[in-house]
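**Student:** Sending over a structure as structure tokens; questions will come in a sec.
The values are calculated or read from the model by the stated rules, or taken from the named source; none is laboratory data. All values reported here derive from a predicted model rather than from experimental measurement. Cβ placement follows ideal geometry from the backbone for every residue including glycine, while neighbour counts extend to all protein chains displayed. SASA here: full protein model, heavy atoms, side chains in, ligands and nucleic acids out. Shrake-Rupley method; radii C 1.70, N 1.55, O 1.52, S 1.80 Å.
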Amino acid sequence: MAKRKADIVEQQPPALSPVKNNKKKRKRLNNDKLSGIPNLIVNIFMAGFTLLCLFPFLYVIIISFTDEQTLTENGFQLIPEEWSTFAYSYLWDMKAQLIQSYMITIIVTVLGTLISVLTIALFAYAISRKQFRYRKLFTFMALFTLLFNGGMVPLYIVATQLLHLKNTIWALILPLAVNAFYILIMRTFFMRSVPEPLLESARIDGAGEWRIFFQIVFPLALPGIATIALFSTLGYWNDWFHALLFIDEPQLVPLQSLLMKIENNIEFLTQNTLVSGQSAEMLAAIPKDAAKMAMVVISTLPIAVAYPFFQRFFIQGLTVGGVKE
Amino acid sequence: MNWLRNIWKNRVWLLMVLPATVWFVLFSYLPMAGTVIAFKNFRYDAGGFFSSVMSSEWVGLENFEFLFNSSDAFIITRNTLLYNLVFIVVGLIISVTIAILISEIANKRLAKIYQTGMLFPHFLSWVVVSYFVFTFLSADRGMVNSLIEWLGGDPISWYNDPEYWPYILTFTNLWKTVGYGSIIYIAAIVGIDRSYYEAAMIDGASKLQQIKNITIPMIKPLIIVLTILNIGNIFNSDFGLFFQVPRDSGPLYDVTNVIDTYVYRGLMNLGEISMSTAAGLYQSLVGFILVLATNYVVRKIDKDSALF
């Protein structure tokens, strides 16, 4: 992207001369944004749209704090007649499965991101270097997977019959570990941000390629690596698909998949907790919808809290890291 | 012997690409080879993966014949193509409009807030989004039915009535994706040289004229390239949207079943392994041809933007 932009700028005719030398006028003209009524309309429209994007999450939070009896009588309301924190205290009582799923998601996300970033960075760095004789072959190998894939079924069969990943934590980590698209982004990043002369001088000083990679290249490419790590973290955190394919055991169910399972059956939560003598009365008191929405809130909260901080890097990563070089 | 020496000389680099290469072989290339079971009648046997694939009997194109003789093939192809087409066209219009509006807002801080808010849905999983949709569409508790009743209408059983789902799915998809889609256009508009606008203003061009004659022509190459690349992907749909948001509701299959969900259900619910593989291979092959074709067109228009 950046390169394209540079091209466009270069092709442009110089700015008109009368404006050029008149600083005061130029300043006024630079302020060419909307003002008055049109500005107000655009702002109202955009504010409305932004609210539309955020509203459902607020709505779910409200429902999670609504008394279950009120929900039965009035449905999901914006301002419920009776507030309640019962859904959360219920989840607290049933926390065994919830904590287990949280742990699985955290382990998968951390381990997966580490494996993913290291594997992708090494591959991308190697194919970005001219000294690597087979770089074209390996680039093609990665690129081709973007164009053609075997589909879900053969992948499922390979993963279950050959690699025996079914009901293992690796089923949640490995299938998402490498992604040719991220490799291409990283390769571009290495080409742009790691100058060959620098590496050359390190080689002359006797540094090995591994040392160069970890001590010079990695720190230099840190912004790109952070972008990939961010993509990867979000990918693992939000993944439910691989759990849907490969995980049956409650101990291995990640957060998003737990959310899916309680969609029809909130009792899934009690699978780990259920004591034999539980009374029917207690089961009837389950805050069904409120508890489900509370689960949505609890599982989305980390992203919502971290979001204002990471979104800037996400946007940068998207707009700076054009794929092509 | 020469090639052995070359490999030895490149051993550091080869070691670096090794982990990802192993991954590609296991998770991309073996499954690609595994598509042969689309031409076989797949049976599991005790000898594991290779032995199962080898020992299953050949049936030629039988699976494909069966697939294309069923009404399913038409429905899933129609749904996949039409939904994606609508997503591409409407998504493009809204993304570009929003990008232009945001770039016209004088208050940079407000513009930033809008952009941040719009991008938020992108970071939610489809499972969470399906709960969001449920809060509106739940038959007895949802906001939409409450509103309908308040206005004196009859409540609608949303999850059983296929009539509305093309709109619901389109709306949900746009809600989740347009914020993300507009980012790249915003970046492109910010990159346009301001002196164009200055010159236009001296000549007395109105804001709308500036947008029509400067902004849009300047981002046109980007619009074309991104749209063509999207068309290359038109045979692949977002599994989460079509699987999670309608809550896997049977009565809706007619308008919510796309190739991806069809393959999944064939594999997990029906156990029709070879048939599902055939459907997946059909998707991959057509997708492959489409990507090659669109890339060829992109190359003709703008060499730099082509994928390869």
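**Student:** Which of the residues that make up the range B:133-147 are open to solvent by less than 40 Å² (accessible area, probe 1.4 Å) and either in contact (Cβ under 8 Å) with a residue 40 or more places away in the chain or aliphatic (A, V, I, L, M) (or both)? Lay out the reasoning, then the answer.
**Tutor:** Our first condition is that a residue be open to solvent by less than 40 Å² (accessible area, probe 1.4 Å); within the range B:133-147, this holds for B:133-135, B:137-138, B:141-142, B:145.
B:133, B:134, B:137 - these are the residues of the range B:133-147 that are open to solvent by less than 40 Å² (accessible area, probe 1.4 Å) and either in contact (Cβ under 8 Å) with a residue 40 or more places away in the chain or aliphatic (A, V, I, L, M) (or both).
**Student:** List, please: which pairs have Cβ atoms under 9 Å, are six or more places apart or on different chains, and start with a residue in the range A:202-215 that is of a type in the set (Gly, Ala, Ser) and end with one that is surrounded by 15 or more Cβ atoms within 10 Å (Cβ to Cβ) and assigned to a helix (DSSP H, G or I)?
**Tutor:** Here the result reads A:202/A:212; A:202/A:216; A:207/A:199; A:207/A:216; A:208/B:12, each pair linking the range A:202-215 to a residue that is surrounded by 15 or more Cβ atoms within 10 Å (Cβ to Cβ) and assigned to a helix (DSSP H, G or I).
**Student:** Follow-up question, since we're still on this one. Would you confirm whether or not the range A:168-175 contains a residue that is free of Cβ contacts under 8 Å to residues at least 12 places away in the same chain, part of a helix (DSSP H, G or I), over 16 Å from residue B:23 (Cα atoms) and more than 7 Å from every other protein chain (Cβ to nearest Cβ)?
**Tutor:** No - not one qualifying residue is present in the range A:168-175.
**Student:** Just one of the numbered conditions (1) modelled with pLDDT of 90 or more; (2) within 17 Å of the chain's Cα centre (by Cα); (3) open to solvent by 20 Å² or more (accessible area, probe 1.4 Å) is not true of residue B:244; which one?
**Tutor:** Among (1) modelled with pLDDT of 90 or more; (2) within 17 Å of the chain's Cα centre (by Cα); (3) open to solvent by 20 Å² or more (accessible area, probe 1.4 Å), the lone unmet condition for residue B:244 is (3).
**Student:** When residues of the range B:89-111 are filtered for being over 19 Å from residue B:176 (Cβ atoms) and either more than 9 Å from every other protein chain (Cβ to nearest Cβ) or of a type in the set (Gly, Ala, Ser) (or both), how many remain?
**Tutor:** Of the range B:89-111, the ones over 19 Å from residue B:176 (Cβ atoms) are B:100-101, B:103-111.
Now restrict to residues that are either more than 9 Å from every other protein chain (Cβ to nearest Cβ) or of a type in the set (Gly, Ala, Ser) (or both): B:100, B:103, B:106, B:108-109, B:111.
Selection size over the range B:89-111: 6.
**Student:** For residue B:251, state whether it is in a helix (DSSP H, G or I) and either more than 12 Å from chain A (Cβ to nearest Cβ) or closer than 23 Å to residue B:166 by Cα (or both).
**Tutor:** Working: in a helix (DSSP H, G or I): yes; either more than 12 Å from chain A (Cβ to nearest Cβ) or closer than 23 Å to residue B:166 by Cα (or both): yes.
Answer is yes for this residue.
**Student:** A further question follows. I'm checking my understanding of the structure. Among residues of the range B:148-189 that are among the polar types (S, T, N, Q) and within 14 Å of chain A (Cβ to nearest Cβ), which one is surrounded by the fewest Cβ atoms within 10 Å (Cβ to Cβ)?
**Tutor:** Keep residues of the range B:148-189 that are among the polar types (S, T, N, Q), which gives B:157, B:160, B:170, B:172-173, B:177, B:182.
Next, from what is left, pick out any that are within 14 Å of chain A (Cβ to nearest Cβ): B:172-173, B:177, B:182.
Numbers: B:172: 22, B:173: 22, B:177: 18, B:182: 26.
My answer is B:177.
**Student:** Sticking with this structure for a sec: Could we say that residue B:278 is farther than 27 Å from residue A:248 by Cβ and either within 12 Å of chain A (Cβ to nearest Cβ) or among the charged types (D, E, K, R) (or both) here? If you could, list the steps in order and put the result at the bottom.
**Tutor:** Details: farther than 27 Å from residue A:248 by Cβ: no; either within 12 Å of chain A (Cβ to nearest Cβ) or among the charged types (D, E, K, R) (or both): yes.
Considered against the rule, which asks whether it is farther than 27 Å from residue A:248 by Cβ and either within 12 Å of chain A (Cβ to nearest Cβ) or among the charged types (D, E, K, R) (or both), residue B:278 comes out as no.
**Student:** Could you say whether any residue in the range B:288-296 is open to solvent by 30 Å² or more (accessible area, probe 1.4 Å), in a helix (DSSP H, G or I) and out of contact with any helix residue (DSSP H, G or I) (no Cβ under 8 Å at 6 or more places or on another chain)? Walk me through it before giving the result.
**Tutor:** In the first step, residues of the range B:288-296 are kept if they are open to solvent by 30 Å² or more (accessible area, probe 1.4 Å); the result is B:288-290, B:292-293, B:296.
Adding the requirement that they be in a helix (DSSP H, G or I) leaves B:288-290, B:292-293, B:296.
Filter again for out of contact with any helix residue (DSSP H, G or I) (no Cβ under 8 Å at 6 or more places or on another chain), leaving B:289, B:296.
Yes: the range B:288-296 contains one or more residues that are open to solvent by 30 Å² or more (accessible area, probe 1.4 Å), in a helix (DSSP H, G or I) and out of contact with any helix residue (DSSP H, G or I) (no Cβ under 8 Å at 6 or more places or on another chain).
**Student:** I'm checking my understanding of the structure. Among residues of the range A:66-119 that are hydrophobic (A, V, I, L, M, F, W, C), farther than 29 Å from residue B:19 by Cβ and in a helix (DSSP H, G or I), which one is farthest from the chain's Cα centre (by Cα)? Walk me through it before giving the result.
**Tutor:** Let us first name the residues in the range A:66-119 that are hydrophobic (A, V, I, L, M, F, W, C), namely A:71, A:76, A:78-79, A:83, A:86-87, A:91-92, A:94, A:96, A:98-99, A:103-104, A:106-108, A:110-111, A:114-115, A:117-118.
Narrowing further to those that are farther than 29 Å from residue B:19 by Cβ: A:71, A:76, A:78-79, A:83, A:86-87, A:91-92, A:94, A:96, A:98-99.
This time we only want the ones that are in a helix (DSSP H, G or I), so: A:71, A:86-87, A:91-92, A:96, A:98-99.
On the way: A:71: 33, A:86: 31, A:87: 28, A:91: 26, A:92: 27, A:96: 26, A:98: 21, A:99: 21 Å.
Looking at residues that are hydrophobic (A, V, I, L, M, F, W, C), farther than 29 Å from residue B:19 by Cβ and in a helix (DSSP H, G or I), I get A:71.
**Student:** Further question on the same structure: Can you tell me which residue in the range B:56-78 is farthest from the other protein chains (Cβ to nearest Cβ), limited to those that are part of a helix (DSSP H, G or I) and touching a strand residue (DSSP E or B) at 6+ places or on another chain (Cβ under 9 Å)?
**Tutor:** Within the range B:56-78, the subset part of a helix (DSSP H, G or I) is B:62-69, B:71-78.
Add one more test, that the residue is touching a strand residue (DSSP E or B) at 6+ places or on another chain (Cβ under 9 Å), and what stays is B:62-63.
Numbers: B:62: 16, B:63: 11 Å.
Step by step, filter the range B:56-78, then rank; the result is B:62.
**Student:** Moving on to the next point. Could you list, in sequence order, all residues of the range A:204-217 that are open to solvent by 50 Å² or more (accessible area, probe 1.4 Å) and either assigned to a helix (DSSP H, G or I) or among the basic types (Lys, Arg) (or both)? Break it down stepwise before answering.
**Tutor:** Quick first cut of the range A:204-217, residues open to solvent by 50 Å² or more (accessible area, probe 1.4 Å) only: A:204-206, A:210-211, A:214-215.
Of everything in the range A:204-217, those that are open to solvent by 50 Å² or more (accessible area, probe 1.4 Å) and either assigned to a helix (DSSP H, G or I) or among the basic types (Lys, Arg) (or both) turn out to be A:204, A:210, A:211, A:214, A:215.
**Student:** Filter the range A:128-137 down to the residues that are open to solvent by 30 Å² or more (accessible area, probe 1.4 Å) and part of a helix (DSSP H, G or I), then identify the one that is nearest to the other protein chains (Cβ to nearest Cβ).
**Tutor:** Here is the first cut: in the range A:128-137, the residues open to solvent by 30 Å² or more (accessible area, probe 1.4 Å) are A:130-131, A:133-137.
Right, trim to part of a helix (DSSP H, G or I) and you get A:135-137.
Numbers: A:135: 8, A:136: 11, A:137: 10 Å.
So the residue we want is A:135.
**Student:** Determine if the range A:195-216 includes at least one residue that is farther than 14 Å from residue B:20 by Cβ and under 25 Å from the mean Cα position of the chain (by Cα).
**Tutor:** no
**Student:** Being assigned to a helix (DSSP H, G or I), open to solvent by less than 50 Å² (accessible area, probe 1.4 Å) and within 20 Å of residue B:97 (Cβ to Cβ) is the filter here, so list the residues in the range B:190-199 that pass it.
**Tutor:** Going through the range B:190-199, the residues assigned to a helix (DSSP H, G or I) turn out to be B:190, B:194-199.
Next, only the ones that are open to solvent by less than 50 Å² (accessible area, probe 1.4 Å) stay: B:195, B:197-199.
Listed by number, the list holds a single entry, B:197.
**Student:** So which residues in the range A:251-273 are touching a residue at least 60 places away in the same chain (Cβ under 8 Å) and crowded, with 17+ Cβ neighbours inside 10 Å? Reasoning before the result, please.
**Tutor:** Let us first name the residues in the range A:251-273 that are touching a residue at least 60 places away in the same chain (Cβ under 8 Å), namely A:251-258, A:268-273.
If the condition is that a residue be touching a residue at least 60 places away in the same chain (Cβ under 8 Å) and crowded, with 17+ Cβ neighbours inside 10 Å, then A:252, A:253, A:254, A:255, A:256, A:257, A:258, A:268, A:269, A:270 are the ones that fit.
**Student:** Go through the range B:31-46 and give me each residue that's over 10 Å from residue A:157 (Cα atoms) and open to solvent by less than 30 Å² (accessible area, probe 1.4 Å). Before you say what the answer is, go through the steps one by one.
**Tutor:** We begin by selecting, within the range B:31-46, every residue over 10 Å from residue A:157 (Cα atoms); these are B:32-33, B:35-43, B:45-46.
B:32, B:35, B:37, B:38, B:40, B:42, listed by residue number.
**Student:** Is it fair to say residue A:190 is assigned to a helix (DSSP H, G or I) and either open to solvent by less than 10 Å² (accessible area, probe 1.4 Å) or of a type in the set (Lys, Arg) (or both)? Break it down into steps so the answer makes sense when it comes.
**Tutor:** On the way: assigned to a helix (DSSP H, G or I): yes; either open to solvent by less than 10 Å² (accessible area, probe 1.4 Å) or of a type in the set (Lys, Arg) (or both): yes.
The answer is yes for residue A:190.
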